[in-house]
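Only one structure is covered here, and it is reproduced in the block below.
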Amino acid sequence: MDWPIERKVQWGLGIAVAVLCSLGMVAYALNVSFVNTSNWVIHTHLVIETIQRARTDLDDAETSVRGYLLTQDRSFLGPFDLISGRIPGVIGQLRILISDDPAQNVKVAQLASQVARETELLRQMLEAAGAHPRSPAEQRRLLDEDQTVMSTIRNSLREIRLEEEQLLSVRDAAWRRDLTEAISAAGILGFLNFVLLGSIYYVFRRDLTERRRAEAALHASEERLRLMIASVKDYALFMLDARGCVATWNEGAAIIKGYEAGEIVGRPFSTFFPETDQKAGRAKLILEEAAKQGRVEDKGWRIRKDGSRFWADAITSAIRDHAGVLLGFSEVARDLTERQLAEERMHQTQARLTAILDGSPSVIFVKDPAGRYTLVNRKFEDSFRMTRDQVLGKTDVDLFPKNIALSLREHDAKVFEAGRALEFEEAIPQTDGLHTYLSARVPILGEDHEPFALCGVSTDITERKEREQEIQRLNRTLQDRVIDHAVELIQAADLVKMEREQRQAAEASEREVLNRLCDVMHTSTVPIWTYDLETLAILGVNNAAVGLYGSSR
């Protein structure tokens, strides 16, 4: 049948339209499936990030309370007060995100009760160390229970995250499959569009047909890219023109930076930087580096619309055409403020702990099970004339004489074997001679209650030992002198006793002589007088003398 060209064109257009409509419906369905799959992938990433945020918040809360218990510094409780009020919201958000999964709902419900118990335990620990102190046994029970509950929470979070990661791998595979199908459908659609329209208009409008096909493919690609970028909310995705001014803006950028597209498009890249960085030309330097290297990653403080700061991890990439001409730049940025603040708090805590350790008058150190030093304080450095760099990673054999090192290593082994704190008296050489230390070694237990390191606190008792030895020497000297004096006293007492006995014997002999003399005087018929040789006074006369003179005595 010889149809006129107009009718052929009409039939060709009708067939082309019908085929294109059918393929368009298929492409639309594939595109919808691709968008849905993309949303589920993003949703799963959000669930995993929420799980990690819950884990970080719980670790920070526990660290805050333990820091307060160790230092009694109430500044440690700031993060706990903030996080304890935020954790229920994070758990609630997690419950909403996984509401489509009944099995995960059960686990999150159990997790919520575990988190509530952990929060209560932390508060009880604060009360036990605060205005209403409890017994050490009760405090130890709270610490043990806290470790048990935290271990259970970590295991629960690990199980939930593992299932989400498995689900993510499935959804990611589905997303890749849908992407491949969508690209294939778009390719087929473009190909048939080219064939059909080319067959009809080949003679009349060949160049126009090719241009329309290219424009349609480009529009479809741009639309898919726009939809994907618009659906991402956790990342700021935007483009800059070659002058460094904002050209595109996604919803994630609006959430993170606070600007709507109409407010920021056309403004310079430096708008997002603090005033000091603006004066230093940091934005220009980043764009120049990206243009030179093709890609540059920058971490630092950025400014929101309201003037508040946030810590950004941004990747800026140069965009060039096939000829290598610079068209502009793209940037992908994440808000890592919470992580940065957590790292700063951790660094502050480490600095405080280091200050406490370095301020201690005792030698403090930490070793791993292999005997390698992993931490020493300033007193260790000063006592043994070694720097931290010379000590860390070394063993006692590397630092001390072999016999001393083997003795220290034996003490370490006893602590690991006993699993509890032990005390030892150790002699260690220093530049001024041998020093004696009273060393307390404590095993550091992990989540499995097995020691993974030990902490030692050694006090130099050399002077005390010397004083004790001097006191013992003086005691022995005093005892010897007391014994000598006791012997002398005993000998003197014996002499006094002998002298007293001799005097008593002499007096008794004298009395006996006097008695006999008196008897002789009184019985004698010869007059007898006794005189005082100095005064010549008569002391006594006998009866014969009285009768002779006729006087009485």
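Would you tally the residues in the stretch 356-365 being of a type in the set (G, A, S) and not in a helix (DSSP H, G or I)?
2
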I need every pair where a residue in the stretch 495-518 that is part of a helix (DSSP H, G or I) has its Cβ under 9 Å from the Cβ of a residue that is modelled with pLDDT under 75, sequence separation at least 6 or different chains.
C518/G540; C518/N542
Being aliphatic (A, V, I, L, M), within 22 Å of P451 (Cα to Cα) and out of contact with any helix residue (DSSP H, G or I) (no Cβ under 6 Å at 6 or more places or on another chain) is the filter here, so list the residues in the stretch 392-426 that pass it.
L392, L406, A413, V415, A418, A421
Given the conditions (1) in a loop (DSSP other than H, G, I, E, B); (2) surrounded by 13 or more Cβ atoms within 10 Å (Cβ to Cβ), report the number of the one that L353 does not fulfil.
(1)
Of the criteria (1) surrounded by 11 or more Cβ atoms within 10 Å (Cβ to Cβ); (2) in a loop (DSSP other than H, G, I, E, B), which one D448 fails
(1)
How about the stretch 366-390: which of its residues are in contact (Cβ under 8 Å) with a residue 24 or more places away in the chain and either under 17 Å from T436 (Cβ atoms) or assigned to a helix (DSSP H, G or I) (or both)?
S383, F384
Segments classed as helices (runs of 4 or more DSSP H), wholly inside the stretch 259-303, with at least 3 members that are over 16 Å from M239 (Cβ atoms) and out of contact with any Pro (no Cβ under 6 Å at 6 or more places or on another chain):
275-280, 282-293
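Looking only at residues in the stretch 403-458 that are among the charged types (D, E, K, R) and within 18 Å of A370 (Cβ to Cβ), which one is farthest from the chain's Cα centre (by Cα)?
E410
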Hey, A186 surrounded by 13 or more Cβ atoms within 10 Å (Cβ to Cβ), touching a Leu at 6+ places or on another chain (Cβ under 7 Å) and either within 20 Å of S22 (Cα to Cα) or modelled with pLDDT of 75 or more (or both) or not:
no
Residues in the stretch 306-318: is at least one assigned to a helix (DSSP H, G or I) and of a type in the set (G, A, S)?
no
Across (1) out of contact with any helix residue (DSSP H, G or I) (no Cβ under 6 Å at 6 or more places or on another chain); (2) farther than 30 Å from I319 by Cβ; (3) part of a helix (DSSP H, G or I), Q340 clears everything bar (2)
Which listed residue, of R320, R378, is among the basic types (K, R), over 22 Å from the mean Cα position of the chain (by Cα) and modelled with pLDDT of 85 or more
R320
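Which one of these is of a type outside the set (S, T, Y), closer than 17 Å to R334 by Cα, at pLDDT 85 or above and out of contact with any His (no Cβ under 7 Å at 6 or more places or on another chain): A254, A242, A236, A280?
Just one listed residue meets the conditions, A254.
The values are calculated or read from the model by the stated rules, or taken from the named source; none is laboratory data. Predicted model, so just to flag it, every value in this text is computed and none were measured. Here the Cβ is made from the backbone with ideal geometry for all residues, glycine too, and neighbour counts use every protein chain on show.
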